[in-house]
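We did not get these values from a lab; they are worked out from the coordinates using the rules stated. These figures come from a predicted structure and were not determined experimentally. Methodologically, a virtual Cβ is constructed for each residue, glycine included, from the backbone with ideal geometry; neighbour enumeration extends over all protein chains shown.
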Amino acid sequence: MLSSLQHWLQERREAAALRRRPIPDDLWKRTLVRYPFLKLEGTPGAPALRRMTSLFLDRKEFSAVPPLRLTNDVVVAVAAQACLPVLQLGLARYDGFVGIVLQPDLVKVRREHLDDDGVLHEYDEVLSGEAVQGGPVMLSWRDVRGSGRSAAEGYNVVIHEFAHVLDMADGIADGVPPLPPDIGRDEWTATLHDEYERFAARVDAGEETALDPYAAHAPEEFFAVASEAFFVNPGLLRSEHPAFEALLQRFYRREPVA
């Protein structure tokens, strides 16, 4: 609980940040048109999201790999989508990192894996985004730019990677982020693993699923993929995973969305 002095100082800091990073009306309107899931029409969150986006821009450092350029449209698009998961949780949830690196397109990275027999395997992995402990967060602008359209499939690379940021806040990526007092760890892990195991079994059986099959890779990926759908197309998640969708409502403190 903040003291009155701390609260006053925080308000002053935030007021100064809002003056440094104002979002013009026309830019915000363009952003909402391009990414309709950000509109939050008829909810108290609509103006709060714009305010938090400005605060996010003031606290984080963006960089871009040429030929991509950091225009106002680019950074506001990323920041607004990143703020959506923490709109009710608070921007302090992202205090563990500063940097955001934007790539023009998908990125190929070299990976190494040591198997149980001690044999080292090397392979290439193509990424649309990546979040690592302490940052930075890497994102493919091609995927960010298309997230207004890809919302129909429940896909959103920004929310996916920032769900990983929330998950790793306790030092480990396991699909169990720091939980609020009203959600016990046993309840969360039991629901997560039950939903994940059933989902992975369906993917292994070749069934079509509402969520991206990538969620079958690990419980932490199921949490991140489910979070994507929860914010951009919750009907997809609710149709096959109502128990986990209800749990995410409590975690993200977000009312059910039609």
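Taking Cα atoms only, the orientation of helix 4-20 departs from the longest principal axis of the chain by about 90 degrees. Taking the helices alone, the chain has a mean residue ellipticity at 222 nm of -15000 deg cm²/dmol, built from -39,500 (n - 2.57) per DSSP H run of at least 4 residues and averaged over all its residues. Within the straight-line cut-off of under 24 Å between alpha carbons, the lysines reachable from Lys29 are Lys39, Lys60, sequence neighbours fewer than 8 places apart in one chain being disregarded.
Shape summary of region 174-258, radius of gyration then Dmax from alpha carbon positions: 12.1, 38 Å. Put a plus charge on the Cβ of each Lys and Arg, a minus charge on the Cβ of each Asp and Glu, and nothing anywhere else: the dipole of the chain about its Cα centre is then about 1980 debye.
In percent, rounded to a whole number, the relative contact order of the chain is 15, using alpha-carbon pairs under 8 Å and six or more apart.
For the chain, a Gaussian network of Cα nodes joined below 10 Å ranks Val132, Val74, Val109 by mean-square fluctuation, and the top entry is Val109. Ranked by the mean number of other Cβ atoms within 10 Å of their residues, highest first, the peptides 46-56, 62-72 come out as 46-56, 62-72. Database remark: amide H of Leu127 closer than 5 angstrom to the amide H of Val107, Lys108, Val109 (H placed geometrically; neighbours at sequence offset of 5 or more, or on other chains; Pro and chain starts carry no H). A DSSP coil position with no more than 10 other Cβ atoms inside 10 Å describes the following GluC sites (Glu not before Pro) in region 1-95: Glu41. Relative to the Cα centre, the charge distribution of region 1-105, modelled as +1 at Lys and Arg Cβ and -1 at Asp and Glu Cβ, gives a dipole magnitude of about 160 debye.
For the residues Pro219, Pro180, Pro234, a GNM of the chain with alpha-carbon springs under 10 Å puts the largest fluctuation on Pro180. In the chain, the longest principal axis of the Cα atoms and the axis of helix 25-34 are about 20 degrees apart. The phi-based Karplus calculation (6.51 cos²θ - 1.76 cosθ + 1.60; θ = phi - 60°) puts the 3J(HN,Hα) values of region 138-145 at 9, 9, 8, 5, 4, 6, 4, 4 Hz, whole numbers, x for Gly and Pro. Selection among Pro36, Ala46, Gln103 by position relative to the dipole of the chain gives Ala46 as farthest towards the positive end (Cβ unit charges, Cα centre).
What's the angle, to the nearest 10 degrees (0 to 90), between helix 45-59's Cα axis and the longest principal axis of the chain? Compared with the principal axis, the helix lies near 90 degrees. Using θ = phi - 60° in the Karplus curve 6.51 cos²θ - 1.76 cosθ + 1.60, the 3J(HN,Hα) couplings for region 197-207 round to 4, 5, 5, 4, 5, 5, 5, 4, 7, x, 6 Hz; x is entered for Gly and Pro.
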